Every structure is written in structure tokens, then in C-alpha cells.
1. Pop a pseudo-label 7 angstrom from the Cα along the beta-carbon direction at both Thr163 and Glu969 and give the gap in nm to one decimal.
2. Taking R0 as 35 Å, what FRET efficiency do you get between Glu961 and Glu1036 from their Cβ-Cβ distance, rounded to the nearest 0.05?
3. Considering only DSSP states other than H, G, I, E and B, which GluC sites (Glu not before Pro) in the range 765-859 qualify as loop sites with at most 11 other Cβ atoms within 10 Å?
4. Report, by chain and number, residues whose modeled amide H sits under 5 Å from the one on Val341, excluding near sequence neighbours (fewer than 5 apart, same chain).
5. In straight Cα distance, which lysines are under 16 Å from Lys941, not counting same-chain residues fewer than 8 positions off?
6. Sorted from fewest to most neighbouring beta carbons within 10 Å, what does the list Trp1041, Trp139 look like?
7. Count charges around Ser701 for me, please; just the other residues with Cβ under 11 Å from its Cβ, Lys/Arg as +1, Asp/Glu as -1.
8. Would you please give the FRET efficiency between Glu988 and Asn894, computed as 1/(1 + (r/R0)^6) with r the Cβ-Cβ distance and R0 = 41 Å, to the nearest 0.05?
Amino acid sequence: MDMRDIFNRRQRFSLRKYSIGVCSVLLGTALFAAGSQTVLADEVENPADSSSDIISSEATSDKEIALSKPVTGESSVPTSYNVAAVVQPSVATDSQHEGDKEAGKEATAEPTETVFREATGTSGFRNSGEVTSRVVSNWNGFVSALNDNSIQNITISGNVVATGDNGNTDNGRVNSVDRTVAINSQGRNVVIQGRNDQAGLDLLSNSLKFTGSSAWNLVFKNLQLATGNSKGAVDLSSTTGANTVTFENVKSQGSSLYGGGGNTDVIVKGETSSTVSDSYRSANGQTQYVQRNVGSAGHSVLRREANIHDAKSVTVADGASLTLNRSSQGDGINLAGGSTVRVNDGASLTINMNTNNGTESARYHNAGIFMEHGGTVVTGKDSKLILNTSIGQAISLGMGRPADGLTHLDRWGGYGTGNAFRRNGKSSLTIGEHASFNFTGRDGLVFGNNATFTTGENSRVRFENKGRGTAIDFGDNSRVVFGKKSTNTFHSVGKGPKSGGGPSGSYNAYNYIGLNENGSILVDDYATFRVQMDNRGANPWDDVINLDSKHGRKDQPLFQANKGSIVDVRDDNTDYYAELISVPLGASTNVVFQFNNPLYVSFMRYTNSEGRSAGEITGKLPFGIAQGNNPEQIGHGNILYISNGSRESGNHIEFNGPTGTRVNRGAGTYTVYSLNRDGRDVVSKNRMSSVWTDIQGGVMSIAGFKPGGKPEINPSSSTSVQTGSSSGGVLATDKTYGIDPVTANRQNIWVSNGTSINPQATHTNTIRYVYEDGSPVLDANGKPKVVVQTSDWKRLLEVAIDQDQFKKVLKSSSVANGDEFLAAYGKTEYIVRDIDGDGIGDTGWQLAGTTNSKATYDTVVSPEVEGYKAEILSTNVPGLAVGTKASRVTVTFNPANIKDDVVVTQGGRRTVSETYWRNIVDNVQLTNYETVVVYKQDKQKASVKYVNVTSNIELAKDEMEGRGGALIEYSTADRITAYKKAGYRLLEDGFTNAADKHYDSNPSVDQEFVVTLEERIEPVTPQDPKPVPGIPVTPEDPASWPKEVKDMKELERTATQTIRFREEGSGKEVFKTITRKITFERTAYVNLVTGNITYSSWRIGKVVDVDAPVQPVNGAAATGDAVANRRVARSLPAEYEVASTEDYEDLPVESPTPVAEEPRPSATVEASVERLPEEPVATPVAPQPEVSTEASPKPVAPTTAIRVNTPKATATVTNPVYTGKRALTRGRYSRRPPKI
């Protein structure tokens, strides 16, 4: 078998005859009556009755035909059979698919499968055929199939609509709509799939209620699904097994996609959507209402159940997409405590709430994802989580739900100031690597105690809060981690009185980002954390970031930003008592806000961005225009606040250098910007906006910034530099215009003069596999075989601001506010150099130390495909040549090949490029490797050689290539026919007659078959028709006479022989002279291939008058036999002549009967036979003259003298004696015919 079929094998279908007792008799009768009607698959229309189509299959891979009769009504016992088979497209079950996958086949359903109609219920005939699949076209058939324990695959043709009342009493009472259809069969694997994209299952008010202790594995696939039942299509609440319900390419409308309870995992594949509304238009043309007044926490009678509820887990499979839409009140996903929602690698989950923009109070507490007692939401690599939750919450975990009557106008969002609504179950949201999370709505994440929110490396997170809502509101012992190189943007519009009502939030609850006791925030290496608050108005005590740790000594920083990170927090709240980061209450100690050599930290109050920084910023700074313009004329503003401000508390702010240690305070310096306004701008304008470029890192006690305290700025003697807005000279510790991030500064920005950057890159090595026709090689799951290998690379560069260049920029730039300072900072250059004293300023590209840390990728063994060999079709890998063997592929990536724009070198001065700063969180783009391996038939070589054995030369050689074991597709017929036409005779066809005509499996030896032929030599005698060039040798002969036959020489010559009888002594004639004609002939041998003609030696062909009697002369007589015996029985060589002697005695006249006197021996011929020349030679006996062939083309018989003895009374005639002797021809051969 061609092993290529292992990757792409089609199922086979066959017809089989059933013999099952009485059924076979009935079947035979029915077949006789049914006729021979043929029904094509695309012509079938299923009758609208209670029957269903059943596909019969056995344990083998072949499909079989079973025939039965459609029966209307509910009868389960057929009375007769109609066996006109209905042909339907094949349907493969999941179990069949899995089997195909294990065998490495592609399961392909072809429209050749024959199905039969079966009555509702179970018949012995069907069971005996081991039916596992059924096609249904109506409700009764569908329910019957579910109740049949043997059915594992139900295909829905057209729209199947439940029967009975729609349940349209929309009054909010329990079960005013909900109805149940009992399914009493055993738990098993069942696939319910649509025949095409338009197939639908409309359950109206029904839910399918399954029972039993065995597990159900239900798959809804390629369906339009609808129900008004609050549990959705399936109710598994009465089962005790571990169930799985999968929705693949399903469009659901009406009520829930799933709400059936039980120990059930919900899995989503393909592109699946669920739309929940108050009612929908059913397939029967009526309005179907959805059961209302449901939901565990709701008081609104209009509430409908969640799109997915009462499941143990919800998983969006790799690469799949789930979209939940709802216009009704209620949640998107509502699960029990401890449940999990997973969005796997490359998958996406989108939840769109309140799509009709309702404003009922109950909607303010509807959540996209809700788990009251905690739970887990986790997304995978390259995944997407999109939550558009309107006036409700994005995700609510570990939180009770406020009463419906409390709306956004409540200062604390309905949750109060205590922990009454917070639960202790662990709650977590984890965003995967390179994943994205986008939220738009009022409240974002509202979690209970023990909550975590982690964003993965290189992830993108964006919050767009509309109105008075919170972004992050966590309870005690919670933590937020913004992962390495992640970009996290929080933008709020309207959290305050400008959105209606009074203040929103306060120092004790419901801040934009708030974590309670022991809550902490980490901005990890090279991560970005931006917060921008717009349109707040005066919103007193509502801190932007509230870390409400009231008690005890803290063993870790409550707010920490690590190396290379960016922290940018800005707020337009005009109320003085609203810090950017605060620990507002209590007497906790060792509270630390720690900044470990970040790229920069920017705190700005009273700013208004006018929406200009609302977009995502992926680089160091926004491109072009400044972010805010500071319109508010407010004197002082506190930025950072810690309730316990005593020096003994140890509460402090740390700005550490590159080493990240407090003990080495001199390692690394900062450039600091401060904006101070004292209400006397006309007088103080030159001093209120200042820049210091030599501030040392270190610890600054909160107490140092308290009234009466001395700001702990080092060096305290540092003075500001000149800018376009200030002449400089302001002391850093000036109480009014110096550096005071706690009580005085409106804006405070810290830029590290020396920091590090950490560009990263991921290289991929992709290997694809195809056949020569371009079709992909398939893996065991029927998908194109692709191998992707990755290696992660990093580069650490220590960089320092070029102080001389920066000061020039500041001097020529307006620096009247924080945004203008950042704009000037954006123009500065960072020089690559060692800043921490280890002697290394640039490590170069190195392996990142992750799980993908191999420069030489693992050797990839190409799949073995029998009869095929793998070779490189195309590649961009250095050193990997096209056409080389690819059974094993090993690739090494050399980091020297990385071409990046991180560093620009000019005149020996290496600086970080502007290209890098514009997009610092993105990986460097590499030239990835891609190799295509082509599978060619294993070119085992074979040849057929045609040999001319006459000349011992090779006429032709045909070479073939094919995979080992395959039949050699070759025929010798055409060549042999051509050679026969050319004049050859076939001796042996060594290919056609070979016992095995398959390619062997030995690549070192080429197979050879030999066809032997010989040149045909055709004789031509005088009796044959004269050959004509181009005319077939015989009418049936494929060969024709060659052109050379037109020059063929003569094959026949005639001579006259005269015989005289004389006395020996006297020469007297004793008999009358005899004359006869002798015909000499020869054979021409024509080579039909070369055209060469050879001739045989001359021979006597015939003698005319040979039987005529010899007349006696004067009493002497010679018999005719004596003359006849002169014919030579064997040709003599041409160089011999023939001499004859005959002795005769006188015969008595009266006695005609001869009497022998002395017997003589019989005539003998003694001669050696040699190869004749082209023409035989005859030499006459002297003195007889020569006869020239040029003068006379015909031979002339010589006159022969017959010697006669003296007559006696009696005589004995001796037989002639022929002797051969050489004829001398004086140096040449005679061309005359031989003599007798």
C-alpha cells in the first residue's frame, strides 16, 4: 500500500447481504416488490414523519447497507417493509474519527453511504445490525435516537422542532416556560451534528433531561440551537457521572447555551456563539419566550439565566472562539465557587453584555463572569479575552451581589465600606504570555479576599472604564503582578461627580485600583503600568491607587517597580485629598514604595489629557503631542501618602540605583522633575517648574516630608539646571519649589540616569511537509504536518543618559509642566556603557534560559512514508541545501545573524535607537527559518534494455523510477512493434515474461530487464516475387523490404549443353548430338535491418529435355540414364572444373538389353566444398575458350567429348565417374558457371 494513504485514507463502503431469520424473508419479498428505483443523495427529501434515518455499521471499516421500512406513528413493531433505499451523504461518528486519527488516517465522509429508514423505537432487525448512527428530520426521531443506547451519532437534517406547546406564558412564575423531555438511556458518547450549516434543533420550551450514573459525553456540532428553557438544551442535574458537553461551531439563541448542572465540563470548539434574549422567533414561526425570574442572586423578575451556568468548568479550546451576547438581564457566565473558565492558547472569549443598552437598576450588578465564592479565570498564550460589560462588572469573583436597587450612584458601588460582600475563596485572573485582555464598561475586576491578577510576559492589558466604576477592587491578602515586558493601560472617564450623583469612592473603599490588607502591586522588569483618570471633577478622598493595609509590619513592598519599568499615574481630580498612591488608614509599619532602577516614574496630579493619551502607548512615551496640559489652577497637591508618617514606622520611599540595593546609595543617579504652584505664579513662574540631573538614589522617609520635617533629598545641595522655562538654581530641598512627592509637588517625575534595557527576540524554525503535487502530508489527526521549533533570545544593555546632550535639550525646550519635561526627555540619547561596574555594557544576544533555550534545535526526524523519500524542497536556512536528503533535519541558529535596530553607531558612539524607544516592549523581529520537505516517490531505478544479438549492440535503454514495491508501469509493446517494423525478430521479452515486475527495495542495485532481438535475414529465391522497397515482406508482416533490394543481382542463369558421341580412337560420331538447357540458380539473403544482401553459391536448378532418349548411330547406343547421371548431386567449389569420361561398348543391334562385360564402380564425386564467392567460377578444359559474363550474362554449356570403346558383340556401359580437379585461371577467377 502506498504509505501516503496513511495520512490520507478514505473510508470504503460496501454492500452486504443480510440473512437474519424471518427478516431476511420479509426483506426479500420487499425487495421483489420494491422495484429498482435509484435515489441520489442530493435528491432525497426526508418525509415529515416520526421516522429517522439509521446508518448501519459493523466493527470493520467498511460501511454496510441495512434496509427497513419507514413507519408513521409511535408503533415500534413494523408490519411490513419498504426497502427502497434512501441514499444519504455519509456521516462519521466521533469514535470513528478517533479511530482514524490513531491509525494516521484522514477520516473523509463521502456521499456514497446508504442509509435506511427505521420506525420510532427499537427493532430487532436494527439491533442485529449494530446501528450506531442515525439521521433524523423530526422531533420524535431525534428523541428516539437519544433513547437508543446503541446510537452514538445523530445527524440532523433540516430544522428539527420540538412538538407541543411553546410554553409561552411569560409571567415569571417557576416553570412557566420550562419543560422537560426525559432521556432514559445509558450515559455514552453521542454526537449531535447538523448535516449542513443550516441544520437546526429548536427545543422550544424543552430541555433534554438525562439520568443515570454513567457519564455522558455530548457533542453538539455544526448546529443552530435554540431553546427557551432556563437550563438550556441539556439538563444533567440528575446524573452522577463526570459529564462533558462540547459545542463546536454552534449558534445558540434564546436561553442558555448550557445550564444543565451536574458534574459537567463545558468545552467550546470552532466558532461558537450564544445569544440570550427575552424571546426569539422559533423555527415554527411563533414567538418563543425565555423563562425569566431566574438566577440565584437576582430580585428582578425580568432576569434570564446566564449564557453558561451551573457547569464545573468552561474551556475554550485551542484556537477556538466563543462569543456570548445578551440583551437580557443576567450574567454572561455564572458558575459555582471554585470553578474555572479557561481560554486556551490562541483562543478567544468575547462577552457582550446589555446589547440593547438597558438602564434597569438590576443591570448594574450583572457580570460578564460571576463566581460568588471564588474561582479561576485563566487565558493561554496568544489568547484574547474581550469583555464589553456595559454598566455591570467585567469579572466578579469571591463577591456577593448587591441588591438590584443599588446603582452606580451609590458612592461605593453598592458594596459598602466593609468586607460584607467579600468571600474568602481564592479568586484569580491570569492573562497568558503574549495574550491580550480588553475591558470596556463600568466596573472591571471585583474580587473578594485572597485574590490575584497576573498579566503574562509581553501581554497587553487595557481597561476602559466608563462612568463611576472601579478597575481593580480586591480584598485582603491580594496581589497584582504586571508581568515582565507587559503593557498595562488603565483609563477612566468620569469616576466622580461629573458622571452624576455625589463622589465616587473614598479613602476607605471603591477606589479606581484598590487592594485591602496586605494587598500589593508589582510592576516587574521592563513592564509598563499607566493610569489615566479623566473627567473626575472634585472627588474627595478617592485615591487613584489605594493600598489599604492598616495593621502590622509589612515584609514586602506594597508597591514595587523593577528595572527598566515605566510607571505613569496621572489624575485630573481637583480635590486636594486624593493621592495617586496611598495607604490611607491605620498604623502599619515598614510600608515601602520601592522603585528599583526603573526607566522612569511619573506622578502627575491636576492634569487633563483631553483624551490624547487614552490610546495604548507601547513605547517609552507617546508619539508627538504631550499627554496633558494642566489646566487646573491649584496650589499644592499630595502625590504619595502613608497614614503612619512617623519616623519610627520605617515607612519610606526607595529610589534604588542599578544594583537594586539600599546599601549602595551612590550607584546610579536620577534626573528629577517637580512642579510646584503656590498661587503666586507671576512671582514664582521661573522657579515652580525645575529639573535636577544629579539626584542620588536612596531611601526617603515619609516623615521627612511631613510639615516641620526636612526633605531627605541627596545631595541636599543639588540645584536645578537651566531649561527653556527656568533659569535654574533652585535648591532640591527648597520647601516650596524643591522635590516633595508627598505634600507639595503637583507633579513629580523620576528618570533613571543609568538603567538597562532588555530587548528580546524569538526565533522560529518551521518545517512543513508536502508531496510533489503540493498537497500536505497529514499527521495522525488529519491536519497538515508542521513542526515548529523556537528559541528565545535576550540581550542586556546597560545604558546611561548622555547628560551633556540632555542638558542642551532642556536648555532649548519649554519645561513648564510634566508633559513638556517628558517631551524633552524623549529627545535625549542613551549611551551604551557599563553602569554597575561589572565591565559589561552589552551582553550581545544570548539564549534566554527559557524552555526554548537551544541554538541548535533538536534534530527533527521526518515521518517515514513507505515508498517515499524526503528531501529539501525549499529553505532559507544557511547551510541547508535544496535537494539534499531530509530524513533528519538539524538546524542551528547563529545569533550573529540577528539584525536589529536597537543600537545605532556613529563615530564610535553607540546609542539606543529611537526605533527601539518607540516600541520598547515588542520583541525584535527576526528572520525566521522555514523549510519545506517534499516527499518524492522513492526512486528505485529499473531499466529495460533492448539488445541486438546479431551485432551484439544495445539498441535502446528505457529507465524508470518508482517507489519500492510499486508495480513498474511499463510496457515493451510499442518498442517491440517498432523494432519489428524496422526488421528485427524478437527472441525474448525479458520484461513482459519476468516473474516479478515490481520495483525492488535495494537502492544500491538498479533492476535491469533485457529484451533480445536479432536482425532478420530473409531469403529470396528465383521462384519468389521480386522484392519491392517499402512493401511488406508478406501481407501480414510488419517489416518491409529495404531500399537496397532495388539493386538485387540476378538469381537465375540458363546455359545450353551439347553432347556429342564419338569413337575414342577415330573420333567418329556414333550417336546423334544431344542438346539441352540447364538452369543455374542461387538464393539472395536480405538483411531487413541493414539492407545488406548476400548470395548463395550457384546451383543447378533444372534441366530441360533431360529425359529425351539418345538415338543410336551406327549400332551404338547410350541410354538416357547415362546422361541424366551427369547431374552433380552436390555443388562443387567454383575453382574446380568437372571432367567426365564415359566408356561405351558396341551393343548388338538385335539385342537391346545390355550385357555387362566388366562391371565398373558407381559414379562418385570427390570434392571439398568451400565458401562460394559472390558468383560461382567455372574454368573450361583447354583448348576451349572462355565465355565472358560481360559479353553474355547467361552461362553457356560446353561441348563435351564422349570417349567410346571399340564395338564388340556385347557391351557394358559404366556409370559416369566425376572427378574434381583445380582449374587454373591464370591469376583470376572465372565468372562462368561450372562445367559438368
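Values quoted throughout were computed directly from the atomic coordinates according to the rules given, and no laboratory measurement underlies them. Since the structure is predicted, the reported quantities are computational estimates derived from the model, not experimental observations. For neighbour counting, all protein chains shown are included, and Cβ atoms are generated from backbone atoms with ideal geometry for every residue, glycine included.
1. Once both label points are built, they end up 5.6 nm from each other.
2. On the way: r = 38 Å, r/R0 = 1.08.
Calculated transfer efficiency: 0.40.
3. Working: sites: Glu772, Glu798, Glu820, Glu829; in loops: Glu772, Glu829.
Sparse-neighbourhood loop GluC sites (Glu not before Pro): Glu772.
4. Residues meeting the amide H criterion: Val314, Thr376, Val377, Val378.
5. Filter leaves Lys869, Lys957, Lys997.
6. Values: Trp1041 23, Trp139 20.
By the 10 Å Cβ count, ascending, the order reads Trp139, Trp1041.
7. Numbers: positive: Arg647, Lys706, Lys710; negative: Glu648, Glu654, Glu712.
Summing Lys/Arg as +1 and Asp/Glu as -1 gives 0.
8. Numbers: r = 61 Å, r/R0 = 1.48.
The pair Glu988/Asn894 has a calculated efficiency of 0.10.
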